């Protein structure tokens, strides 16, 4: 699943907001999930989400005009995709708005 949140902030400001709001990024997934994050590059944050005994992996990539949130969701957890998508879209817009 890939969700692109457009912005007009430029990459520097978008990166600053994502880094400053990394706690809010963790809140973009359901409350019953455990989230760990790492920044392997300046513009990419990797996430691992533990949910119902499964691990979802994802990335947030900061770009000049959009921030892309990507998650690999196992078929057995496909039912949570709409919930995750809704949270990411709403909170991503708030964080970058």
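The values are calculated or read from the model by the stated rules, or taken from the named source; none is laboratory data. None of the values given here were measured: they were computed from a predicted structure. When we count neighbours, we look across all protein chains shown, and the Cβ atoms used for this are built from the backbone with ideal geometry, even at glycine.
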Handout entry: Lone qualifier among 59, 87 - being in contact (Cβ under 8 Å) with a residue 24 or more places away in the chain and either within 15 Å of residue 4 (Cα to Cα) or part of a helix (DSSP H, G or I) (or both)
Key = 87
Completion exercise
Taking the range 12-48 and keeping residues assigned to a helix (DSSP H, G or I) and at pLDDT below 85 leaves 22, 23, 24, 25, 26
Exercise for the section: Return only the number of the condition from (1) surrounded by fewer than 14 Cβ atoms within 10 Å (Cβ to Cβ); (2) closer than 25 Å to residue 13 by Cβ; (3) under 12 Å from the mean Cα position of the chain (by Cα) that residue 85 does not satisfy. Expected result: (1)
Practice task
Of the numbered conditions (1) on the phi > 0 side of the Ramachandran plot; (2) crowded, with 17+ Cβ neighbours inside 10 Å, residue 53 fails exactly one; give the number of that condition.
Solution key: (2)
Handout entry: Long-range neighbours under 6 Å by Cβ, at least six apart or interchain, first residue closer than 18 Å to residue 89 by Cβ within the range 1-23, second in a loop (DSSP other than H, G, I, E, B)
Key = 1/73; 14/7
Problem - In the range 65-82, the residues that are in contact (Cβ under 8 Å) with a residue 12 or more places away in the chain and either touching a helix residue (DSSP H, G or I) at 6+ places or on another chain (Cβ under 9 Å) or farther than 28 Å from residue 16 by Cβ (or both) - result: 65, 66, 67, 69, 71, 73, 74, 76, 77, 80, 81
